[in-house]
Amino acid sequence: QVQLVESGGRLVQPGDSLRLSCAASGRDLRLYTMGWYRQVPGKEREFLAYKSYRDGRAYYANSVRGRCTISRDYVNNTAYLQMDSLRPEDTAVYYCAASGRSRPSDPSGYDYWGQGTQVTVSS
């Protein structure tokens, strides 16, 4: 069993940067592909990025490529999502997730989810 806890979400202004954290407990994160999703009310959960446990490669959605960086800290068993040049349309609840698959293709491919952290981008 893996427990995931996101943190770092807050109110920021357009153009700001933000780093979200996902602290894991229960298992070693090196065994899992870590992903980040976001969701706004009334919409489906949107894929942002994942970093494969198998080869360490990162994959990004077109909507955030070039503005987001996913990383992992194995010492602290934590995953991160660095977001730059934030826009109002980035406002959402952000979730991290862990998958035993090397390349999970959708939310159903993840085994564990955090509770989410709210990011609001507004002037």
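The values are calculated or read from the model by the stated rules, or taken from the named source; none is laboratory data. Given the structure is predicted, the values throughout are model-derived calculations rather than measurements. All Cβ positions, glycine included, derive from the backbone under ideal geometry; neighbour counts span all protein chains shown. Each accessible area value is taken on the protein alone, full model and side chains, heavy atoms only, with ligands, DNA and RNA left out. Shrake-Rupley method; radii C 1.70, N 1.55, O 1.52, S 1.80 Å.
Quick look at the numbers
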| read-out | value |
| --- | --- |
| Pair list, Cβ < 8 Å and 6+ apart or interchain, from region 56-69 residues that are without any contact (Cβ under 8 Å) to a residue 60 or more places away in the chain to residues that are open to solvent by 50 Å² or more (accessible area, probe 1.4 Å) and of a type in the set (S, T, N, Q) | ALA58/THR69; ARG67/SER85; CYS68/GLN82; THR69/GLN82 |
| The lone exception for ARG72 - which of (1) farther than 18 Å from SER7 by Cα; (2) among the charged types (D, E, K, R); (3) touching a residue at least 24 places away in the same chain (Cβ under 8 Å) it fails | (1) |
| Matching residues, region 85-110, being modelled with pLDDT of 95 or more, assigned to a loop (DSSP other than H, G, I, E, B) and under 16 Å from LEU4 (Cβ atoms) | TYR110 |
| Which listed residue, of GLY66, GLY26, GLY42, GLY35, is exposed (fewer than 14 other Cβ atoms within 10 Å of the Cβ) and closer than 15 Å to GLY114 by Cα | GLY26 |
| Looking only at region 88-102, and only at residues there that are in contact with a Lys or Arg (Cβ under 8 Å, 6 or more places away or on another chain) and open to solvent by 10 Å² or more (accessible area, probe 1.4 Å), the one that is nearest to GLY42 (Cα to Cα) | VAL93 |
| Selection status of ALA79, open to solvent by less than 40 Å² (accessible area, probe 1.4 Å), assigned to a strand (DSSP E or B) and either hydroxyl-bearing (Ser, Thr, Tyr) or farther than 15 Å from LEU18 by Cα (or both) | no |
| Residues of region 75-118 classified as touching a residue at least 12 places away in the same chain (Cβ under 8 Å), of a type in the set (Ser, Thr, Tyr) and out of contact with any Leu (no Cβ under 8 Å at 6 or more places or on another chain), total | 6 |
